[in-house]
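See structure below.
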Amino acid sequence: LPKRLINNNLNYTMGCINYSGVLLASPGVVRSEDEYDNEEMEEDHKTSILYFKAAQSLVEWTVRLPQDENISCICLGDNWSAAATNRQLIRLFTPQGLDYFAFGFPTEVVSLASYENLLAILYHDSFPFSGHQCLKVKLFNVYTFQTVLETTLTITPKAKVKWFGFSQEGALYAQDTAFVLWAMANQGLWTPVYDGSANKNCWRIGVREAS
């Protein structure tokens, strides 16, 4: 892909990249009703902004979310993108940046991942139990608007999810803060495939099963 320089003038803290381009997002300002508006802060930094820049063309777009709706996580598909917000909404966008569909999600979203037409939603199913995270994954088809699969996620006891996503072949993986990489072998069945505790300074960017 060609090298592109993008200046971070809008406080981007989230990003996704694939062969179609790069998707960036800023969280905006999270404030309660009792707080005063910070007049010294620039207006562009007060609201959440979603920005896309194509890899092979000049297409780029920017979407500014309504005030007090803050983006918590994003993902970039082949012909779509998604953002989860604090309004308990997951918004879907076209390749041109049109907000064409939004649906409510009943609990806090931890992370999003994409593979072709599938949107994977990682979320808290309940409060932690004895320090153990209670997490689930919902697979959603963005073309048919149907749930394909919903299953629990197994991770190391008292650990948290550090990385979550699909392999290049389309299988779901998750790495926890104990540095164990888990693969979903079947619905509700996760198997540890790699112990990364010897390389704690590595930043996982993806999984390739053939390697």
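The values are calculated or read from the model by the stated rules, or taken from the named source; none is laboratory data. Every value quoted in this text rests on a predicted model; they were computed, and no experiment measured them. All Cβ positions, glycine included, derive from the backbone under ideal geometry; neighbour counts span all protein chains shown. Side chains included, ligands, DNA and RNA excluded: accessible areas come from the protein's heavy atoms. Shrake-Rupley method; radii C 1.70, N 1.55, O 1.52, S 1.80 Å.
Miscellaneous remarks
- Charge dipole of the chain about the Cα centre (unit charges at C-beta), most positive-ward option of V29, F129, A185: A185
- Extended-chain gain in nm, criterion 0.36 nm per residue less alpha-carbon gap, I17 and Q146: 43.9 nm
- Simple rule: put +1 on each Lys or Arg Cβ and -1 on each Asp or Glu Cβ in the chain, find the dipole, and look at I205, C16, A113; the Cα lying farthest toward the positive end is I205.
- Contact order relative to length of the chain, as percent, for alpha carbon pairs under 8 angstrom and 6 or more apart: 10 percent
- FRET efficiency estimate (nearest 0.05) - Cβ-Cβ, S197 to Q96, R0 41 angstrom: 0.40
- Peptides 164-177, 189-202 ranked from most to least packed give 164-177, 189-202, packing being the mean of other C-beta atoms within 10 angstrom over each peptide's residues.
- Taking other residues whose beta carbon is less than 12 angstrom from the beta carbon of I121, and scoring Lys, Arg as +1 and Asp, Glu as -1, yields -1.
- Averaging the sequence gap over all C-alpha pairs within less than 8 Å and six or more residues apart, then dividing by the number of residues, gives the range 102-211 a relative contact order of 17 percent.
- ³J(HN,Hα), Karplus 6.51/-1.76/1.60, whole Hz, each residue of the range 185-197, x for Gly, Pro: 7, 6, 4, x, 10, 10, 10, x, 10, 7, 10, x, 5
- From phi via Karplus (6.51, -1.76, 1.60), per-residue ³J(HN,Hα) for the range 6-23 in Hz, x at Gly/Pro: 10, 6, 8, 8, 10, 6, 5, 10, 10, x, 9, 9, 8, 5, 7, x, 10, 10
- Accessible surface area normalised per residue over the range 154-206 is 60 Å², counting heavy atoms of protein chains with a 1.4 Å rolling probe.
- In a reduced charge model with +1 at each Lys and Arg Cβ and -1 at each Asp and Glu Cβ, the chain shows a dipole moment near 860 debye about its Cα centre.
- Answer label, with Rg/Rh (Cα atoms, Kirkwood Rh) calculated from the coordinates and candidates (1) 0.97; (2) 1.43; (3) 0.99: (1)
- Full-stretch length increase - R208, L89 - with 0.36 nm per residue and alpha-carbon distance subtracted: 39.7 nm
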